[in-house]
2 protein chains.
Amino acid sequence: MRPTPAPAMPPAGFAGRFPTPYVAVIFTSQRRAPDPAYDATAEAMVTLAAQQPGYLGAESARGADGLGITVSYWADEAAVAAWRAELRHQAARDTGRLRWYRHYELRVARVERAYGWDEQDGSADPMQGGAA
Amino acid sequence: MRPTPAPAMPPAGFAGRFPTPYVAVIFTSQRRAPDPAYDATAEAMVTLAAQQPGYLGAESARGADGLGITVSYWADEAAVAAWRAELRHQAARDTGRLRWYRHYELRVARVERAYGWDEQDGSADPMQGGAA
């Protein structure tokens, strides 16, 4: 399926639009107390992920209560498996369990359709028009 | 596939664990300026969604920059379609485009596997053990 036509450059914080199907890895986590080492590692992992074959993009938000959601997007399952096997990523995950997280849930999902809307698009529902 | 055994009650902010497959609706949005009417509507929609057939749960995070991710979980596509057709939900989405959002992306995905970890589980990787 063709996605909604994509803007030339996604707005800050958005991953962009990709032809479906692709894979989303949904990581929901509750942090312990803030730790600057976490921020440095998280930034390093974003950079490293972006260098992996099959990486499409990622979106991330964390509230003041420490609950965060990061969704990373991948071309296929092989790309997800390779990222999971990456040694620096494994080490970061180990440190996460030891030091940074209270709880997390990870879900691997196949994106089957996608829509986007921008304030410049007007007020119509982008899901109208038969694509749903 | 059986999910990781679930805790009796998910921690605050987490949706819980459900047998796969199920459907995830990933909604990433950039808010305009804060608006108390948004908060009231968002809270009403959470309550209304939880009353829909096939609703499983939801997780949500928004950072200080106004970028947020909400993932809602549904038993199947029919449940997603029914929620999409709910009239108060349609009205809230219309208001969102007129007043609250600068940009959003919505992705509908089929969750194929899931893992969870809690600090009481020890430091081992919950994805080890053959389930991946």
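Below is a table of values for the structure above.
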{"read-out": "Test result for A:Arg102, farther than 24 Å from B:Leu98 by Cα, in a helix (DSSP H, G or I) and either more than 8 Å from chain B (Cβ to nearest Cβ) or out of contact with any Cys (no Cβ under 6 Å at 6 or more places or on another chain) (or both)", "value": "no"}
{"read-out": "Residue in the range A:36-59 that is at the interface with chain B (Cβ under 10 Å from one of its Cβ atoms), open to solvent by less than 70 Å² (accessible area, probe 1.4 Å) and not in a loop (DSSP other than H, G, I, E, B) present", "value": "yes"}
{"read-out": "Test: residue in the range B:87-96 that is in contact with a Phe, Trp or Tyr (Cβ under 7 Å, 6 or more places away or on another chain), assigned to a helix (DSSP H, G or I) and farther than 18 Å from A:Glu59 by Cβ", "value": "yes"}
{"read-out": "Selected residue (only one of B:Ala92, B:Ala114, B:Ala79 is open to solvent by less than 50 Å² (accessible area, probe 1.4 Å), more than 8 Å from chain A (Cβ to nearest Cβ) and touching a Pro at 6+ places or on another chain (Cβ under 7 Å))", "value": "B:Ala79"}
{"read-out": "Residues of the range A:2-21 satisfying the condition of being touching a Gly at 6+ places or on another chain (Cβ under 9 Å), at pLDDT 95 or above and more than 9 Å from chain B (Cβ to nearest Cβ)", "value": "A:Phe18"}
{"read-out": "Selection within the range B:60-86 - assigned to a strand (DSSP E or B) and charged (D, E, K, R)", "value": "B:Arg62"}
{"read-out": "Filter result for the condition that a residue is aliphatic (A, V, I, L, M) and either closer than 17 Å to B:Gly68 by Cα or touching a Pro at 6+ places or on another chain (Cβ under 6 Å) (or both), over A:Ala50, A:Ala61, A:Ala85", "value": "A:Ala61"}
{"read-out": "Criterion (without any contact (Cβ under 8 Å) to a residue 60 or more places away in the chain and over 16 Å from the mean Cα position of the chain (by Cα)) met by exactly one of A:Pro34, A:Pro53", "value": "A:Pro34"}
{"read-out": "Residue check, A:Ala24 farther than 21 Å from B:Glu119 by Cβ and surrounded by fewer than 15 Cβ atoms within 10 Å (Cβ to Cβ)", "value": "no"}
{"read-out": "Subset of the range A:62-95 (residues that are free of Cβ contacts under 8 Å to residues at least 12 places away in the same chain and under 18 Å from the mean Cα position of the chain (by Cα))", "value": "A:Gly63, A:Ala81, A:Arg84, A:Ala85, A:Gln90, A:Arg93"}
{"read-out": "Of the criteria (1) farther than 26 Å from A:Ala75 by Cβ; (2) in contact with a helix residue (DSSP H, G or I) (Cβ under 7 Å, 6 or more places away or on another chain); (3) open to solvent by less than 50 Å² (accessible area, probe 1.4 Å); (4) modelled with pLDDT under 95, which one B:Ser123 fails", "value": "(3)"}
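Okay, residues lined up against (1) in contact with a helix residue (DSSP H, G or I) (Cβ under 6 Å, 6 or more places away or on another chain); (2) not hydrophobic (A, V, I, L, M, F, W, C):
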{"residue": "B:Phe27", "(1), (2)": "no, no"}
{"residue": "B:Tyr38", "(1), (2)": "yes, yes"}
{"residue": "B:Thr41", "(1), (2)": "yes, yes"}
{"residue": "B:Tyr73", "(1), (2)": "no, yes"}
{"residue": "B:Arg93", "(1), (2)": "no, yes"}
{"residue": "B:Gly116", "(1), (2)": "no, yes"}
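The values are calculated or read from the model by the stated rules, or taken from the named source; none is laboratory data. Model, not experiment: these values are computed from the prediction. FYI the Cβ positions are ideal-geometry reconstructions off the backbone, even for glycines, and counts take in every protein chain you see. Areas reflect the complete protein model, heavy atoms only, side chains present, ligands, DNA and RNA absent. Shrake-Rupley method; radii C 1.70, N 1.55, O 1.52, S 1.80 Å.
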